1. Which residues, counting only those in the range 9-20, are closer than 15 Å to ILE40 by Cα and over 10 Å from the mean Cα position of the chain (by Cα)?
2. Of the residues GLY37, GLY42, only one is on the phi > 0 side of the Ramachandran plot and modelled with pLDDT under 80; which?
3. Considering only residues that are among the aromatic types (Phe, Trp, Tyr) and either within 22 Å of ILE62 (Cβ to Cβ) or loosely packed, with under 14 Cβ neighbours inside 10 Å (or both), which ones fall in the range 1-33?
Amino acid sequence: MVHRAVKGDTIVVKVNEKQVVEWTQTADWNGGREGPGRKITGPGTIALQAHDPKSTVFYKNIRIKPLD
């Protein structure tokens with residue numbers, strides 16, 4: 001099971017309850033190769049990743065709930 005949580009500008013990803021990613025978007029983040037000014041941690045953002053345009057990715061049973 002994959003669990004993702006975003007709080008403020010920090011993203012945490014856990015796989016089978018083991019933390020595998022913790023990343024904080026810096027104030028000077030420029031959007032990387034995706035485009036200048038693109039923020040990843042903004043309100044309402046849902047980001048699913050594939051590594052290149054020719055990738056095939058399948059997602060199943062995605063559940064989203066607000067965090068207080």
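The values are calculated or read from the model by the stated rules, or taken from the named source; none is laboratory data. Just so you know, these numbers come straight off a predicted model, no measurement behind them. All Cβ positions, even for glycine, are placed from backbone atoms using ideal geometry, and neighbour counts span all protein chains on display.
1. Just the residues of the range 9-20 that are closer than 15 Å to ILE40 by Cα, to begin with: 9-13.
Listed by number, the list holds a single entry, ASP9.
2. Details: GLY42 fails: on the phi > 0 side of the Ramachandran plot.
From the options GLY37, GLY42, the qualifying one is GLY37.
3. Of all residues in the range 1-33, those among the aromatic types (Phe, Trp, Tyr) come to 23, 29.
Of everything in the range 1-33, just one residue is among the aromatic types (Phe, Trp, Tyr) and either within 22 Å of ILE62 (Cβ to Cβ) or loosely packed, with under 14 Cβ neighbours inside 10 Å (or both), namely TRP23.
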